[in-house]
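Computed from the coordinates by the stated procedures, all read-outs in this text should not be read as laboratory data. All values derive from a computational prediction rather than experimental measurement. Cβ placement follows ideal geometry from the backbone for every residue including glycine, while neighbour counts extend to all protein chains displayed.
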Amino acid sequence: LSHQKALEADPAKKKCYYYLEMTSRSFAAVIQELDDDLRDAICLFYLVLRGLDTIEDDMSLDLDRKVELLRSFDTIIYQKGWTFNENGPNEKDRDLLVHFDVVIDEFLQLKPGFQKVIAEITRLMGNGMADYATGEHRENTSVATIKDFDLYCHYVAGLVGYGLSDLFAASGLEDPSIADDKKLSNSMGLFLQKTNIIRDYREDLDDGRQFWPKEIWGNYAENFADFIEPAHLEKSRACLSAMVLNVLELVPDVLTYLSKLQNQSVFNFCAIPQVMAISTLALVFNNMDVYQRNVKIRKGEAVKLIQASTDMDNVIAIFREYIQVISQKNETTDPNFLKISMAIGKVKYKM
Ligand code: PS7
Ligand code: MN
Ligand code: MN
Ligand code: MN
Ligand code: MN
Ligand code: MN
């Protein structure tokens, strides 16, 4: 691979790809396969946002300090030599921030057009994260309404969709119109993030964080932690269905966005995470293990999906398969049975 050869001649850039592999469980492979130019831009976009998220996620950082960092991260990425070692010793991806000067050096070598997109998304995401970390968006720090939930997911994932579409357009690999429909780009991010938030219920609860909107879960429990109780099983099942229903509504936008892509490497990069998400959504639906542990699709299934996500016809076939799984797990006794059936109907109409 010419990309691998070029890395041997550029040790600093090679380190960035090393940090990409260290910090991304699923994005490293698809980013490496991107066409020249865009590959480095998206690698650095990922590392910048992963650094920002490592600050957001650290519940041991002093809140004022966290907010100061989140709100200024878009200028930090222009400060040559900046490193950060204040994260808790066991914080995931701490090492990336300890060596962040390497990321900054490579960020500053990107084309100014790419730098501007990354910095602007970083500015918006950092400020959005700060609003939620302090509860400035409302009177408390938890996510109250579905509107709050959509806004939080917009900040941490929908904005990534905006930025990626802008980078695709700036690279010339996709038609500039791919960045025009903001709702579609936003839905691409929300589909990944909301699925992650459902799957991570227990991990986030144990970390003292709640991302499920009370407007949904409040219909099924007094307290967010009640869902782990065996005595609460049927309410827990219904709550999970309501959360999955909320995510299913994004699927038509995801299929529309993917159908607009022209470049093979961009298509694979976009489609693979979405296909993983629909597979995860089918796995978590009506699955009470979600309340006890982190459920994950099997490695073999993930490999199969990566290999199959080569064009729109195959992606539609995969979505059809998992929508069918959800349909079969949908029970008439579920309070959301009819709404889920209707959401499935709307998806089928797109396929
Ligand atoms: C393709 C139009 C720049 C590739 C890819 C680092 C994952 C980490 O993982 O619960 O449980 O710790 O803390 C749209 C990715 C959205 C985002 C958001 C697709 C950047 C990614 C920083 C748009 C990924 C959604 C926090 C914020 O949740 O996570 C197209 C590239 C995409 C990063 C993700 C994650 C947010 C996150 P975890 P958290
Ligand atoms: Mn370099
Ligand atoms: Mn995180
Ligand atoms: Mn986070
Ligand atoms: Mn998570
Ligand atoms: Mn997490």
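Using r as the Cβ-Cβ distance of Met22 and Glu249, and R0 as 41 Å, what FRET efficiency do you calculate, to the nearest 0.05?
Values: r = 35 Å, r/R0 = 0.85.
Once rounded, the FRET efficiency stands at 0.75.
How high is the relative contact order of the chain? Use alpha-carbon pairs under 8 Å, at least six apart in sequence, and give a whole percent.
Computed value for the chain: 14 percent relative contact order.
For Trp212, list long-range residues whose amide hydrogen, built 1.01 Å from N in the peptide plane, is under 5 Å from its own amide hydrogen.
Here nothing satisfies the definition.
State the Cα centre-to-centre distance between the stretch 96-166 and the stretch 193-253 in whole Å.
24
Expressed as a whole percent, how much of the Cα-Cα distance distribution for the chain exceeds 25 Å?
The share of Cα pairs beyond 25 Å in the chain comes to 54 percent.
To the nearest 10 degrees, how steeply does helix 112-134 sit against the main Cα axis of the chain, on a 0 to 90 scale?
With rounding to tens, the tilt is 50 degrees.
If you take the charge dipole of the chain about its Cα centre, with +1 on Lys and Arg Cβ and -1 on Asp and Glu Cβ, which of Ala308, Thr54, Val98 is farthest toward its positive end?
Value: Ala308.
Using DSSP to define loop residues, name the GluC sites (Glu not before Pro) in the stretch 126-206 whose beta-carbon has at most 13 other beta-carbon atoms within 10 Å.
Glu136, Glu139
Could you please rank Arg293, Arg123, placing first whichever residue has the fewest other Cβ atoms within 10 Å of its Cβ?
If I rank by nearby Cβ atoms, fewest first, I get Arg293, Arg123.
To the nearest 20 Debye, how big is the dipole of the chain about its Cα centre, given +1 on the beta carbon of each Lys and Arg and -1 on that of each Asp and Glu?
840
Compute the Kirkwood hydrodynamic radius of the stretch 67-118, taking the inverse of the mean of 1/r over all pairs of distinct Cα atoms, and give it in Å to one decimal.
Numbers: mean 1/r = 0.0842 Å⁻¹.
Taking every pair of different Cα atoms in the stretch 67-118, averaging 1/r and inverting gives 11.9 Å.
Holding the Cα-Cα limit at 28 Å, pick out from Lys194/Lys339; Lys80/Lys194; Lys80/Lys111 the pairs that are longer than that. Please report the intermediate quantities before stating the final value.
Working: Lys194/Lys339 18 Å; Lys80/Lys194 35 Å; Lys80/Lys111 17 Å.
As for pairs spanning more than 28 Å Cα to Cα, those are Lys80/Lys194.
Is there a quick way to get the dipole size of the stretch 1-61? I mean about its Cα centre, with the Cβ of Lys and Arg at +1 and of Asp and Glu at -1; what is the value in debye to the nearest 20?
That gives a dipole near 200 debye.
Once both axes come from the Cα atoms, what is the angle between helix 337-350 and the longest principal axis of the chain, in degrees from 0 to 90, rounded to 10?
Value to nearest ten degrees: 50.
In whole Hz, with x marking every Gly and Pro, tabulate ³J(HN,Hα) for the stretch 275-287 from phi via Karplus 6.51 cos²θ - 1.76 cosθ + 1.60, θ = phi - 60°.
Rounded to whole hertz, the list is 5, 4, 5, 5, 5, 5, 5, 5, 5, 7, 4, 6, 10.
Sort Val295, Val247 so the one with the fewest other Cβ atoms within 10 Å of its own Cβ comes first.
Val295, Val247
When the chain is treated as a GNM, springs tying every alpha-carbon pair under 10 Å, which of Asp181, Asp53, Asp35 comes out with the largest mean-square fluctuation?
Asp181
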